[in-house]
Amino acid sequence: MARWVVTGAAGMLAHDLVPLLEKSGHEVSALRRADLDVTDAEACREAVDGQDVVANLAAWTAVDHAEAHESEAFAVNAVGAANIAAACARSGARMVHVSTDYVFSGDATSPYAVDAPIAPRSAYGRTKAAGEWAVLSHCPGALVVRTAWLYGAGGSNFATTMARLAGERETLSVVDDQRGQPTWTMDLADAIIRLVEADAPGGLWHGTSGGETTWFGFARAIFDELGLDPTRVNPTTTEAFPRPAPRPAYSVLGHERWASEGLHALPDWRDGLRRAAAHLFPAG
């Protein structure tokens with residue numbers, strides 16, 4: 001079994017990854033922000049030394065807040081990622097770095113391949129793109145796993161918000177002009193472990209569920225899992241809900257690399273939601 005370090009251990013993905021690793025028999029050091037400041041290069045070297053695998057989940061994920069605080073987001077998403085990568089390169093630890101669909105412009109009409117040109121339109125996207133570059137520059141063998149539309153039991157997210165609002169409002173309006181792949185954190189955690197245990201080649205990977213839908217379609221599926229009338233959810237447009245940071249209209253990521261490397265990609269998003277429901281909506 002391997003010795004893992006998981007940074008950003010207070011986050012939603014770590015909530016599922018850490019227990020799954022422990023269940024698999026791995027030794028895990030789960031580091032929260034108070035345990036490790038990823039912007040401190042020396043602290044990163046000390047945390048990584050003697051470890052086999054480092055999963056860097058530490059990130060500034062407040063997308064709208066990053067628009068006015070790009071330098072602070074850059075410090076975590078780019079400098080912090082570089083520090084972890086340099087520490088892994090120095091120690092020989094395998095690195096997994098989680099990135100995002102926001103590195104793309106969001107104006108495609110077919111799934112983005114891993115080698116598609118990036119063109120981030122937000123501060124968050126720019127800082128995460130810089131993080132990808134830094135990780136692969138310092139540590140070419142790292143696994144950079146892009147994900148999107150994450151939801152899970154370990155933090156605030158769209159699925160649990162919809163469940164809460166279902167009990168507070170008779171109807172809801174949800175945008176129907178943004179397409180993506182709702183991805184359960186448990187499925188992504190499992191995929192990360194499988195990549196490492198398969199000794200998958202480094203570089204860019206897309207860690208999102210199969211299929212695609214809109215936020216409106218996702219919301220209706222959530223109502224269905226709750227045993228509620230999905231027609232209580234009405235479609236609306238992005239324009240009706242202006243936000244500081246632009247949202248990608250199309251966030252569907254391609255999964256061809258999984259098949260080409262003989263690995264199974266993540267399950268379909270609807271199947272993932274069906275399995276996640278018992279964890280997210282226990283009273284549903």
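Residues of region 248-266 that are on the phi < 0 side of the Ramachandran plot and either surrounded by fewer than 19 Cβ atoms within 10 Å (Cβ to Cβ) or of a type in the set (Gly, Ala, Ser) (or both): Ala249, Ser251, Gly254, Glu256, Arg257, Ala259, Ser260, Glu261, Leu263, His264, Ala265. Residues in region 18-67 that are under 21 Å from Leu195 (Cα atoms) and hydroxyl-bearing (Ser, Thr, Tyr): Ser24, Ser29. On inspection, Thr100 passes the criterion of being polar (S, T, N, Q), buried (at least 20 other Cβ atoms within 10 Å of the Cβ) and closer than 25 Å to Pro19 by Cβ. Tell me, please, whether a residue that is surrounded by fewer than 24 Cβ atoms within 10 Å (Cβ to Cβ), within 30 Å of Phe216 (Cα to Cα) and of a type in the set (A, V, I, L, M) can be found in region 121-141. Yes, there is a match, as at least one residue in region 121-141 is surrounded by fewer than 24 Cβ atoms within 10 Å (Cβ to Cβ), within 30 Å of Phe216 (Cα to Cα) and of a type in the set (A, V, I, L, M). Given the criteria under 23 Å from Pro19 (Cβ atoms), polar (S, T, N, Q) and touching a residue at least 12 places away in the same chain (Cβ under 8 Å), does Thr109 qualify? So Thr109 fails the test.
For region 50-75, a residue qualifies if it is of a type outside the set (Gly, Ala, Ser), farther than 17 Å from Gly155 by Cβ and within 19 Å of the chain's Cα centre (by Cα), and the qualifying residues are Val53, Val54, Asn56, Phe74.
The number of residues in region 76-110 that are of a type outside the set (A, V, I, L, M, F, W, C) and over 18 Å from the mean Cα position of the chain (by Cα) comes to 8. Counting the residues of region 1-27 that are under 20 Å from the mean Cα position of the chain (by Cα) and either outside any helix (DSSP H, G or I) or not charged (D, E, K, R) (or both) gives 17. Among the residues examined, Leu273 does not qualify as assigned to a loop (DSSP other than H, G, I, E, B) and either out of contact with any strand residue (DSSP E or B) (no Cβ under 6 Å at 6 or more places or on another chain) or of a type in the set (Asp, Glu) (or both).
Looking across Ala75, Ala59, one residue alone is in contact (Cβ under 8 Å) with a residue 40 or more places away in the chain and either surrounded by 18 or more Cβ atoms within 10 Å (Cβ to Cβ) or not polar (S, T, N, Q) (or both). It is Ala59.
Here, each number is a calculation from the coordinates, and none is a lab measurement. All figures in this text were calculated on a predicted structure; none of them were measured in a lab. Quick reminder, even Gly has a Cβ in these numbers, built from the backbone with ideal geometry, and neighbours come from all protein chains shown.
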